[in-house]
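Engineer: Would you mind keeping the following structure in view while I ask a few things?
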C-alpha cells in the first residue's frame, strides 16, 4: 500500500509534537542553571543511532509515464565531536530504500527499488539547553551513492549525486551520557539515470527523513 508523502509528514509532525507536549518544559525552564547559551559540554563525543522512514518530496520523474514511490525505511548513524559548547563537527552515514512503480490504467508495473547510501560530513549547532531538552540544527554536504534492484526486466542505473542535507531535532537527556532523540531532515538527491542504455536526465530522489533513536555522550 502506498502512503502519500503529505500524509506521512502530517503523521510524523504529530508524533514529534506529542513528544514535546509530554515534556515538562515549564518545570525544565524553572531549574536553575540548566538553561543558557550552549547545549553541550566542550570536547564531548556524540554517537547516535536512529531509524525511521522517508517519503520522496516529489515524483521521481516528471516524464510520462508517471513513476510513483513508496515511503521507505531509513537508518542513520552519526559520530560528532563538540569543539565548544555550541558547535559540533563529524560524520553522518545514512541508508534509505524506495520502491518504484510505473502508474498505468491497466495496473501499476513494479520497477524495483533504489538504495541510497549517503556519506555526509556534518556541522551541528546547539545554541541552548532547556532543562533536559536540547534542540539543535545540522547541515551536511557529501555524496549519495545510488543503486537499483530491477523487478521489471529493464536495466536501470541511477547516477551518484551531490548530497546536501538539512536536519533539525532535539535530544531528551535521560542523564549525562544517554539521550533519546527525534529528528526531521531534508536531503537533496537529484541526478540522472540510464534505463536500458538511454539516459534520463530527470531522476530526482530527494526526500524528507523522520528519525527516532538514541545518542551516547562521552
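Engineer: Kindly provide the set of residues from the range 183-216 that are touching a strand residue (DSSP E or B) at 6+ places or on another chain (Cβ under 7 Å), surrounded by fewer than 20 Cβ atoms within 10 Å (Cβ to Cβ) and more than 20 Å from residue 161 (Cβ to Cβ), ordered by number.
Structural biologist: 184, 212, 213, 214, 216
Engineer: Identify, by number, the condition in (1) free of Cβ contacts under 8 Å to residues at least 60 places away in the same chain; (2) more than 13 Å from the chain's Cα centre (by Cα); (3) surrounded by fewer than 17 Cβ atoms within 10 Å (Cβ to Cβ) that residue 86 doesn't meet.
Structural biologist: It is condition (3) that residue 86 fails.
Engineer: Give the residue, chosen from 179, 170, that is touching a helix residue (DSSP H, G or I) at 6+ places or on another chain (Cβ under 9 Å) and touching a residue at least 24 places away in the same chain (Cβ under 8 Å).
Structural biologist: 170
Engineer: Confirm whether residue 162 is assigned to a strand (DSSP E or B), in contact with a helix residue (DSSP H, G or I) (Cβ under 7 Å, 6 or more places away or on another chain) and farther than 28 Å from residue 37 by Cβ.
Structural biologist: No; evaluated as a whole, the condition is false for this residue.
Engineer: In the range 57-83, how many residues are touching a helix residue (DSSP H, G or I) at 6+ places or on another chain (Cβ under 9 Å), surrounded by 15 or more Cβ atoms within 10 Å (Cβ to Cβ) and either at pLDDT 95 or above or not in a strand (DSSP E or B) (or both)?
Structural biologist: Total meeting the criteria: 2.
Engineer: Test of understanding: among 153, 112, 191, which residue is more than 18 Å from residue 74 (Cβ to Cβ) and without any contact (Cβ under 8 Å) to a residue 24 or more places away in the chain?
Structural biologist: 153
Engineer: Is it the case that the range 129-138 has a residue that's free of Cβ contacts under 8 Å to residues at least 60 places away in the same chain and assigned to a strand (DSSP E or B)?
Structural biologist: yes
Engineer: Related question: Being surrounded by fewer than 16 Cβ atoms within 10 Å (Cβ to Cβ), assigned to a strand (DSSP E or B) and either touching a strand residue (DSSP E or B) at 6+ places or on another chain (Cβ under 6 Å) or at pLDDT below 95 (or both) narrows it down to one of 111, 93, so name that one.
Structural biologist: Matching residue, one of 111, 93: 93.
Engineer: If you don't mind, there's one more thing I want to ask. Can you tell me which residues in the range 163-181 are more than 20 Å from residue 123 (Cβ to Cβ) and in contact with a strand residue (DSSP E or B) (Cβ under 8 Å, 6 or more places away or on another chain)?
Structural biologist: Once the filter is applied, which keeps residues that are more than 20 Å from residue 123 (Cβ to Cβ) and in contact with a strand residue (DSSP E or B) (Cβ under 8 Å, 6 or more places away or on another chain), the range 163-181 yields 172, 173, 174, 176, 177, 178, 180.
Engineer: Report the residue count in the range 155-179 for those that are farther than 30 Å from residue 130 by Cβ and loosely packed, with under 14 Cβ neighbours inside 10 Å.
Structural biologist: Number of matching residues: 2.
The values are calculated or read from the model by the stated rules, or taken from the named source; none is laboratory data. Please read these numbers as outputs of a predicted model, since none were measured by experiment. Glycine also receives a Cβ, built like all others from the backbone with ideal geometry; neighbour counts cover every protein chain displayed.
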